Each structure stands twice: as C-alpha cells, then as structure tokens.
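Asker: The structure under discussion is supplied below as structure tokens; questions concerning it will follow.
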Amino acid sequence: MGNFRRVPVGIVGASGYGGVQLVRLLMEHPEVELVYLGGESSAGKSFGDLYPQLAHLVNLPIEAVDPEVMAHRCEVVFLSLPNGLACQITPQLLEKGCKVLDLSADYRFSNLATYTSWYGQERSDRTAAATAVYGLPELYRDRISEAQLVGCPGCYPTASLLALSPLLKQGLIVPETAIIDAKSGTSGGGRQAKVNLLLAEADNSLAAYGVVRHRHTPEIEQICSELAGHEVTVQFTPHLIPMVRGILATVYATLRDPGLARDDLITIYNAFYRNSPWVKVCGSGVYPQTKWACGSNLCFIGVEVDPRTGRVIVMSAIDNLIKGQAGQAIQCMNLMLGWEETLGLPKLGFYP
C-alpha cells in the first residue's frame with residue numbers, strides 16, 4: 001500500500017447479484033480502480049441503466065466480453081458468470097498475465113472428472129485448471145497468496161466448511177456422520193426470473209431443493225476429504241427460506257470422544273481461527289443469526305454438544321452475497337496482491 005497507482009480491475013458478469021456486490025465493494029476499495037465491466041445480454045447498456053441507484057458513482061458501460069480488451073486494461077479480473085463460461089475465457093486471461101478470480105464452479109475442483117459428472121460439461125482447459133487454487137482463505141491462505149487463478153467457493157460450501165473444518169482437521173468427529181442442514185435466502189438463486197423465486201411462491205414457505213444431488217455436495221466433500229486425509233461422504237440438504245440475504249448452515253456429527261464438552265470445542269475453534277479476522281466464534285450458549293452477518297464479510301459460528309446423543313452441533317451464519325460470494329473473492333484478491341485480507345471489506349453489517 002501507499003502506491004499512487006491503483007490496480008486496474010474488471011468484472012465480467014457485473015449485472016447479476018454477485019456482480020453488483022463486487023461493483024459496490026471495489027468502488028470503495030482503497031487500492032483498486034474499476035475500469036471494465038463486461039457482459040453479453042446487457043452489452044451496450046450503461047451500468048447505471050441496470051442499477052439506477054448506483055448511477056451517481058458508477059458510469060461505466062457494459063461491454064461485450066473480449067479477453068484481449070480485458071487483459072489490456074486489467075491486472076485483475078473477476079468472473080461472475082454462470083457455470084461453464086469462465087473456463088472458456090480464463091486460459092486467454094492467464095496467458096496475458098491477468099490474475100483471475102472465478103466465482104462460478106469452473107475452477108473449484110482438483111479433478112475435472114468430478115466437475116463433468118456433476119455439471120455435465122467436458123473441459124478443454126486442463127492446463128489452466130491444474131493451476132487453480134480453492135479460494136477459502138481460512139484454509140488456503142498461503143496457496144492463494146501465490147496463485148494467479150482462484151476458484152472462489154460457493155456460498156453453501158463456505159458456511160458448511162467453516163463449520164466443519166476444525167472438527168475434521170483435528171480428527172474430532174466421525175467424518176461419515178456429518179449432516180449439513182442449510183438454509184439460504186432467495187438472492188442465492190441469482191437475478192434471473194425463476195418461478196420458485198417469485199414472491200407468491202417463496203413467501204410464507206420453506207422448502208428443501210436439490211435433495212441428494214445438489215451441485216455443491218462434491219465441492220464440500222472434496223475439501224472435507226482433504227482435511228480428513230481420506231475420502232469423505234457427507235449428507236447435504238439445502239433449503240430456500242423467504243428472505244433476501246443470508247445462509248445458516250447447521251452441521252451435525254458424531255464426536256469420537258463423547259466426553260468433549262461445549263467449552264472444549266469453543267476453545268478449539270478459537271485456536272483454529274485465531275488468525276482469521278472474518279470468523280467470529282460465539283461464546284457458550286450463543287447461537288448465530290443470519291442478520292448478524294448481513295452486509296458484512298463475517299462468518300459467525302456457534303458450537304453446542306449434546307451429551308445425550310454424543311453429537312456436536314455447529315451453526316454457521318454468513319451473508320451469501322458477501323462472505324459467500326463477492327466479499328470472499330475480494331478477500332482472495334487482497335491476499336494475491338500482498339495486502340491485508342481485510343482491506344476494503346465491510347466489518348459491520350446492516351442491523352436491524
């Protein structure tokens with residue numbers, strides 16, 4: 001920091017909910033300058049036409065997606081695109097020397113066969129994919145700091161893995177007993193028109209979806225397996241809840257040592273996340289709420305033990321659009337550029 005020159009950054013897919021969060025956060029970041037917004041369906045429009053409430057600050061046009069133009073103008077590019085599109089332009093951006101942060105699933109998997117199995121797309125970018133680092137800073141901070149390409153985690157995996165990681169890394173649970181019950185606000189479904197996200201459909205209702213086949217399942221299992229040191233299968237069920245922002249993941253697992261008490265585990269969690277400024281472990285008997293994290297890059301974690309069943313229950317609350325998407329991507333960018341990972345990110349949420 002302290003340079004007079006700001007780092008030029010661009011966003012592809014700026015018109016979606018993830019994109020507009022990136023725009024807002026990057027406009028307030030002290031070390032970067034937003035110089036490029038790209039998109040296909042909205043190309044030719046002004047960003048202010050799409051989001052009039054930001055027109056007084058953001059007067060950039062939405063341009064057609066052109067890797068040559070991006071690479072000429074930008075040192076860092078955020079790709080906020082539907083799955084299967086980032087992998088088509090990332091190799092060109094890497095060849096031109098750009099640092100790339102992908103918010104889709106394209107670069108989250110170390111084994112592309114897993115991606116093809118769950119996302120149904122064959123890939124021709126194996127060389128680029130082999131260099132990708134999974135963008136969960138709390139686990140892979142050192143790898144991210146040296147990466148040119150980061151595959152940013154999904155919102156459900158972020159909340160779930162932050163809840164599970166200390167338990168798996170320390171061998172405190174039987175990994176195969178892990179059950180993740182997660183609930184998300186409707187903004188997680190994106191800005192496209194979908195029947196299940198209509199107010200008349202989603203309001204006053206709570207429903208599971210993607211049961212036993214949600215695409216975030218293999219992503220969660222990949223990291224859980226790495227932490228446990230062997231292949232792990234988890235049960236993951238997401239739910240749509242009638243609110244706009246937020247995820248609450250409640251994780252259940254059987255303890256290896258049923259004598260562990262709640263305060264023991266809270267001490268372990270605090271030690272595990274002692275160098276993670278965006279994770280806040282709640283005190284004894286305090287359980288997080290999604291509203292606490294709304295508008296911030298924080299993850300709140302609450303821990304409880306049921307001595308009757310021998311299970312640990314961990315609750316993890318994040319803002320799905322910030323720590324679960326745009327904020328985490330900027331956290332990764334900060335590490336890639338050698339800055340403090342808190343730089344330019346909101347430490348306080350919206351309340352009430």
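The values are calculated or read from the model by the stated rules, or taken from the named source; none is laboratory data. Since the structure is predicted, the reported quantities are computational estimates derived from the model, not experimental observations. Cβ placement follows ideal geometry from the backbone for every residue including glycine, while neighbour counts extend to all protein chains displayed. Heavy atoms of the whole protein, side chains included, go into the accessibility calculation; ligands, DNA and RNA do not. Shrake-Rupley method; radii C 1.70, N 1.55, O 1.52, S 1.80 Å.
Asker: Heavy atoms only, probe 1.4 angstrom, no DNA, RNA or ligands counted: give me 125, 142, 264 ranked by accessible area, highest first.
Answerer: Details: 125 10, 142 120, 264 70 Å².
Largest to smallest exposure gives the sequence 142, 264, 125.
Asker: Report the Rg/Rh value for the range 138-238, based on alpha-carbon coordinates and the Kirkwood definition of Rh.
Answerer: Working: Rg = 15.8 Å, Rh = 15.3 Å.
So for the range 138-238, dividing Rg by the Kirkwood Rh gives 1.03.
Asker: Sticking with this one: How large is the dipole of the chain about the Cα centre if only Lys and Arg carry +1 and Asp and Glu carry -1, each at its Cβ, rounded to the nearest 20 debye? Mind showing how you got there, number by number?
Answerer: Details: 28 positive and 33 negative charges, 95 e Å.
Computed charge dipole of the chain: roughly 460 debye.
Asker: Enumerate the calculated ³J(HN,Hα) couplings along the range 64-75 in order (Karplus 6.51 cos²θ - 1.76 cosθ + 1.60, θ = phi - 60°), each rounded to whole Hz, writing x wherever the residue is Gly or Pro.
Answerer: 4, 6, 9, x, 5, 5, 4, 5, 5, 9, 10, 9
Asker: Report the Stokes-Einstein translational diffusion coefficient (µm² s⁻¹, integer) for the range 36-83, Rh taken as the Kirkwood radius over Cα pairs, at 4 °C with viscosity 1.567 mPa s.
Answerer: Working: Rh = 11.5 Å.
D = 113 µm²/s.
Asker: Using heavy-atom solvent-accessible surface (probe 1.4 Å) with all chains present, what is the largest-first order of 56, 216, 29? Intermediate results must be reported in sequence, preceding the final value.
Answerer: Values: 56 145, 216 25, 29 0 Å².
Ranked from most to least accessible, the order is 56, 216, 29.
Asker: Quick one: work out the % antiparallel among DSSP beta bridges in the range 1-144, nearest 5. Walk me through the numbers before you get to the answer.
Answerer: Values: 1 of 17 bridges.
Percent antiparallel among DSSP bridges in the range 1-144 is about 5.
Asker: Same structure again: Antiparallel DSSP bridges in the chain: what percent, to the nearest 5? The partial results should precede the final answer.
Answerer: Values: 26 of 56 bridges.
The answer is about 45 percent antiparallel.
Asker: What's the angle, to the nearest 10 degrees (0 to 90), between helix 17-27's Cα axis and the longest principal axis of the chain?
Answerer: With rounding to tens, the tilt is 70 degrees.
Asker: Suppose every K and R has +1 on its Cβ and every D and E has -1 on its Cβ; what is the size of the dipole of the range 208-352 about the Cα centre, in Debye to the nearest 20?
Answerer: Computed charge dipole of the range 208-352: roughly 400 debye.
Asker: Right, here's the next one. Rounding to the nearest 10 and keeping the result within 0 to 90°, find how far the Cα-based axis of helix 86-95 lies from the longest principal axis of the chain.
Answerer: 70
Asker: Then there is this: Given the range 103-246, what percent of its DSSP beta bridges are antiparallel, to the nearest 5?
Answerer: 20
Asker: With charges set only on the Cβ (+1 for Lys and Arg, -1 for Asp and Glu), what does the dipole of the range 1-79 come to about its Cα centre, in debye to the nearest 20?
Answerer: Details: 5 positive and 9 negative charges, 36 e Å.
Around 180 debye, computed over the range 1-79.
Asker: Additional query: Over the Cα atoms of the range 31-129, what radius of gyration and what Dmax do you get, in Å?
Answerer: 15.0, 46
Asker: Rg to Rh ratio, the range 218-352, alpha-carbon atoms and Kirkwood radius? Mind dumping the intermediate values first?
Answerer: Details: Rg = 15.9 Å, Rh = 16.3 Å.
We get a ratio of 0.98 for the range 218-352.
Asker: Let me ask something additional. For the chain, what number of Lys pairs, 8 or more residues apart or on separate chains, have alpha-carbon atoms under 29 Å from each other?
Answerer: Counting lysine pairs in the chain gives 25.
Asker: For the chain, what is the relative contact order in percent, using Cα pairs closer than 8 Å and at least 6 residues apart in sequence? Walk me through the numbers before you get to the answer.
Answerer: Details: 774 pairs, mean separation 58.5, N = 352.
Relative contact order of the chain: 17 percent.
Asker: For the chain, which whole-number percentage of the solvent-accessible area (1.4 Å probe, protein heavy atoms only) is attributable to carbon and sulfur atoms? Display every interim value, and only then the final one.
Answerer: Details: 7750 of 15240 Å².
Looking at the chain in its full context, I get 51 percent from C and S.
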